[in-house]
Amino acid sequence: MTVGDIVQALELTVYCGKKGLERRVTGGYVSDLLSDVMGHADTGQVWVTLQTHKNVMAIASLKDLAAVILVTGHKPDENTAHQSEEEAIPVLGTHMSAFDVTGKLYELINK
Amino acid sequence: MRIVVPGRVETHILSGMTERMHFEHNIVGGDFTRAGYASSQVKKALKTLDVDMAIIKRTVVATYEAEVNVVAHACNGMMIVDIDGSTIQVVIQDEGPGIEDVEQAMVEGFSTASSEVREMGFGAGMGLSNMKKNADSLHIESEPGKGTKVEILMALDGREEVRSKK
């Protein structure tokens with residue numbers, strides 16, 4: 001499954017990093033604590049969060065994450081979007097809560 | 001003593017890589033927009049040297065946490081990286097408030113981060129334990145009022161060797 005497949009299935013907004021829509025997704029991680037993601041997320045996972053600042057992209061890049069999903073209508077900061085383009089790691093968005101989008105994502109990935 | 005068998009070509013098999021690399025990066029205290037930059041440079045360098053991906057991942061977790069601590073707490077700092085055939089050594093040193101009680105700081109959940117830093121999702125008191133879990137060897141020296149020096153060692157040819165040097 002690719003990031004693009006998830007965008008389509010969950011009707012997510014693609015804010016930036018379109019070049020990364022072909023990235024393969026291996027799973028997901030949900031957290032708003034950056035050290036938690038640093039310590040526990042793994043390569044190819046989609047990160048569900050409400051954090052919108054640039055450090056999100058630093059972590060996504062260092063951990064080789066597939067994409068970031070911002071919940072409850074949050075939008076990426078300008079410099080977050082810029083780095084997303086540079087790293088080709090998409091930042092996606094939804095109006096769903098972290099609970100709802102994660103439930104759908106879990107079902108989709110483990111289908 | 002080395003015995004050379006006549007007629008047989010003597011070969012030197014070097015374990016791991018033979019290249020040495022040294023580089024340094026500034027870390028600016030308080031500048032969160034650049035937090036992670038030094039660690040991303042370390043990652044790039046290790047990839048270039050074809051270091052095992054599992055080792056790169058652990059190294060980067062440890063260096064990132066150390067880098068963020070400098071940004072969140074100190075005035076300014078340096079990340080000094082030395083890589084040789086067997087070890088990656090990363091020293092992160094800063095001029096800053098230092099750590100009063102390193103043992104207490106190592107306890108997961110303990111944090112002195114400001115509320116602004118916590119709102120960004122940092123300062124959950126997980127940084128030092130992430131460093132400890134991922135580094136093969138971690139050494140922290142700190143002088144309150146002056147600064148902190150963190151040394152992270154990663155073994156390239158087997159984790160146990162460096163661990164036993166602790």
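FYI, it's all coordinate maths here, none of it is from the lab. Bear in mind the structure is a predicted one, so any value in this text is a computation, not a measurement. We place every Cβ from the backbone using ideal geometry, glycine too, and count neighbours over all the protein chains shown.
For chain A, the Kirkwood hydrodynamic radius from C-alpha pairs, put into Stokes-Einstein at 20 °C and a viscosity of 1.002 mPa s, yields a diffusion coefficient of 163 µm² per second. When B:GLU108, B:GLU65 are sorted by how many other C-beta atoms sit within 10 angstrom of their C-beta, beginning with the fewest, the order is B:GLU108, B:GLU65.
B:MET21 to B:GLU103: extension gain in nm, 0.36 nm per residue of separation minus the Cα-Cα distance?
Values: separation 82, 0.36 × 82 = 29.52 nm, distance 3.23 nm.
Fully extending the segment from B:MET21 to B:GLU103 adds 26.3 nm.
Sorted from largest to smallest, which semi-axis lengths in Å does the alpha carbon gyration tensor of the range B:21-164 give for its equivalent ellipsoid, taking the root of 5 times each eigenvalue? Write down the numbers at each step before the final one.
Details: eigenvalues 117, 52, 38 Å².
Ellipsoid semi-axes (Å, largest first): 24, 16, 14.
Shown in residue order for the range B:81-86 are the 3J(HN,Hα) couplings computed by the Karplus curve 6.51 cos²θ - 1.76 cosθ + 1.60 at θ = phi - 60°: 10, 10, 10, 10, x, 10 Hz (x for Gly and Pro). The residues B:MET21, B:MET154, when put in order of fewest to most other Cβ atoms within 10 Å, stand as B:MET21, B:MET154. Considering only the Cα atoms of the protein assembly as shown, their convex hull presents on average a projected area of 18.1 nm².
Derived scalar couplings between HN and Hα for the range A:44-50 equal x, 7, 9, 9, 9, 7, 10 Hz in order, rounded to whole Hz, by the Karplus curve 6.51 cos²θ - 1.76 cosθ + 1.60 (θ = phi - 60°), x for Gly and Pro. A cut-off of 5 Å between modelled amide H atoms, ignoring neighbours fewer than 5 places along the same chain, links B:ASN76 with B:GLY29, B:GLU95.
Can you sort B:ASP31, A:ASP64 by how many other beta carbons sit within 10 Å, fewest first?
Numbers: B:ASP31 11, A:ASP64 19.
So the ranking, lowest neighbour count to highest, is B:ASP31, A:ASP64.
Under a 5 Å amide H to amide H cut-off, with H placed in plane at 1.01 Å, what residues pair with B:GLY147 once short-range neighbours are removed? Residues meeting the amide H criterion: B:GLY96, B:GLY98. Between B:VAL28 and B:SER86, the FRET efficiency from the beta-carbon distance, with R0 = 45 Å, is close to 0.90. The range B:90-153 and the range A:4-72 have their alpha-carbon centroids 26 Å apart.
Here the extension length gained between A:MET1 and A:ASN79 equals 25.3 nm, from 0.36 nm per residue of separation less the Cα-Cα distance.
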